[in-house]
Amino acid sequence: MATTTSQRDRLHAWWDTFIIVVVALNLLLILFDSLYGLAPVASLIDSGPAWLAENARYLHQNFVAIDLYFVAFLILDVLAGWLVAIRERRYHRWFFYPFIHWYDVLGCIPVSGFRLLRVLRVIGLAVRLQRMGAIDIRQWPIYNFVHKYYQILMEELSDRVAVKLLTNVQYELTNNGELVERITNDVLLPRKDALVDDLADRASRLILTSYGKHRDDILEAVDAVIAGSVSTNPDIAKLRQLPMGDQIAKGLERSLAQALIGLIDSGVRQINQTGSRTLARELLSSGFDAWVEDSTHANREVEQVMVEVIEVIKHQIQTQQWKFEYGVGTHDNDRDQRNPK
């Protein structure tokens, strides 16, 4: 099966290459006939060697008849491609081929306006040969030239559009103080319950995960705090002066540490219980309401932060990355940084 597919691909490649040659010759003929129709060009050719002038006149006088031979090959190519597409089930319906390859069909019409569409056939066949691996267009100097300036053009256009849009957003933020308020009232408040529930769930998971990872460190810190508090407590110091007082103080220290550690473990375990989750939601909901009720100053700060962030983004966009990609000198880059687009 693989051998059959490989042979079929090679056959397609040879046929496509042949059609490219045919179309190229046909385009050269069309170009020659168009140029010969200009009086200065015709005079220049007629003043040259006799054989050249005679052949030029013959091609010009019989252009239509010669073009029909090319048209016959092109029609044969369209019909063969249609049959192959039907056999290989390339498209959803058998009659899709002429609509998808409309430029091939119109290019077969021997009228001057449609003849130029044969250029599209060359491009389409070249792309198909590229996909099949028969040629590598990316290694062609003309491809690299066109690709380079196409990328530069697209970057310049997209950067200017992006900067314009961001500038409009900055204008709305600085001249329309209702923007953040509208976001709060129209976006955040209708989703308050969902946001509070999500924040409560995330906080619970974060506490449980962090406590599980750092429990040993927390226990060491608790022991250190209790040991420090016991060692500086004057009553414990008096107790240590009594017979067996030092052992009693150490036992008290261990008891306090175990009780506090047990309290912390119990509190962390109860985080996922209904009562704790309800309390967390109520606290977050109260904080959310307080933030919304007294948000005038906060809104101005948020707007200013957003404006400054957008300005940083604009500055980054205005950096002409294509100069770095194509190795333009550092001096030019520095100049562009001082004079952005």
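Values quoted throughout were computed directly from the atomic coordinates according to the rules given, and no laboratory measurement underlies them. These numbers were taken from a predicted model, which means no experiment stands behind them. Methodologically, a virtual Cβ is constructed for each residue, glycine included, from the backbone with ideal geometry; neighbour enumeration extends over all protein chains shown.
Rounded to the nearest 500, what is the chain's calculated 222 nm mean residue ellipticity when only DSSP H runs of at least 4 contribute -39500 (n - 2.57) each, over all residues? Each step should come with its number before you reach the end.
Numbers: 17 runs with 280 residues, N = 341.
That calculation yields -27500 deg cm²/dmol at 222 nm.
Taking square-rooted eigenvalues a ≥ b ≥ c of the alpha carbon gyration tensor, is the chain rounded, prolate or oblate, where a/c under 1.5 means rounded and, failing that, a/b exceeding b/c means prolate? Present the calculation step by step, with values, prior to reporting the outcome.
Details: a/c = 3.40, a/b = 2.77, b/c = 1.23.
In terms of gyration-tensor shape, prolate.
At 7 Å along Cα-to-Cβ for each site, give me the label-to-label distance between Gln7 and Thr167 in nm.
6.5
Given a Förster distance of 56 Å, report the FRET efficiency between Lys323 and Ala237 from their Cβ-Cβ distance, rounded to the nearest 0.05.
Details: r = 74 Å, r/R0 = 1.32.
Once the sixth-power term is evaluated, E becomes 0.15.
Relative contact order for the chain: what is it in percent, counting Cα pairs under 8 Å that are at least 6 residues apart? Provide the component values of the computation, followed by the final result.
On the way: 171 pairs, mean separation 53.9, N = 341.
So the answer I get is 16 percent.
Roughly what angle does helix 118-132 make with the longest principal axis of the chain, taking Cα atoms, 0 to 90 degrees, to the nearest 10?
50
How large is the charge dipole for the stretch 2-139, taken about the Cα centre, if only the Cβ atoms of Lys, Arg (+1) and Asp, Glu (-1) carry charge, to the nearest 20 debye? Can you show the working numbers first?
Values: 13 positive and 10 negative charges, 143 e Å.
Using only the charged Cβ atoms, the result is roughly 680 debye.
What percent does the relative contact order of the stretch 2-139 come to when contacts are Cα pairs within less than 8 Å and at least six residues apart?
Working: 89 pairs, mean separation 38.0, N = 138.
RCO, the stretch 2-139: 28 percent.
Taking square-rooted eigenvalues a ≥ b ≥ c of the alpha carbon gyration tensor, is the stretch 37-142 rounded, prolate or oblate, where a/c under 1.5 means rounded and, failing that, a/b exceeding b/c means prolate?
Note, shape of the stretch 37-142 comes out prolate.
Take Phe70, Phe288, Phe18, Phe99 and order them by how many other Cβ atoms sit within 10 Å, fewest up front. Each step should come with its number before you reach the end.
Values: Phe70 20, Phe288 17, Phe18 13, Phe99 10.
Ascending number of Cβ neighbours within 10 Å: Phe99, Phe18, Phe288, Phe70.
Of the lysine pairs in the chain, how many meet both conditions: Cα atoms under 22 Å apart, and a spacing of 8 or more in sequence or different chains?
Lysine pairs, 8 or more places apart or on different chains, close enough: 9.
So for the stretch 61-168, averaging the separation of alpha carbon pairs under 8 Å that are six or more residues apart and normalising by length, what relative contact order in percent results?
Values: 48 pairs, mean separation 16.4, N = 108.
Dividing the mean separation by the residue count of the stretch 61-168 yields 15 percent.
How high is the FRET efficiency from Asp289 to Ile207, r the C-beta distance, R0 25 Å, rounded to 0.05?
Numbers: r = 23 Å, r/R0 = 0.92.
The value I calculate is 0.60.
How would you rank Asp16, Asp104, Asp198, going from fewest to most other Cβ atoms within 10 Å of each one's own Cβ? Intermediate values should be presented prior to the final figure.
Working: Asp16 20, Asp104 24, Asp198 12.
Neighbour counts put them in this order, fewest first: Asp198, Asp16, Asp104.
From the backbone phi of the stretch 12-23, what are the Karplus-calculated ³J(HN,Hα) couplings (6.51 cos²θ - 1.76 cosθ + 1.60, θ = phi - 60°) in whole Hz, Gly and Pro given as x?
Whole-Hz 3J(HN,Hα) from phi for the stretch 12-23: 4, 5, 5, 5, 4, 4, 4, 5, 4, 5, 4, 5.
Any chance you could run the full-extension gain for Ser43 through Glu156? It's 0.36 nm times the residue separation minus the Cα-Cα distance, nm to one decimal.
36.1 nm
Length gain on complete extension for the stretch Leu116 to Arg90, per 0.36 nm per residue less the alpha carbon to alpha carbon distance? Could you put the intermediate results ahead of the total?
Details: separation 26, 0.36 × 26 = 9.36 nm, distance 2.69 nm.
Between Leu116 and Arg90, full extension yields an extra 6.7 nm.
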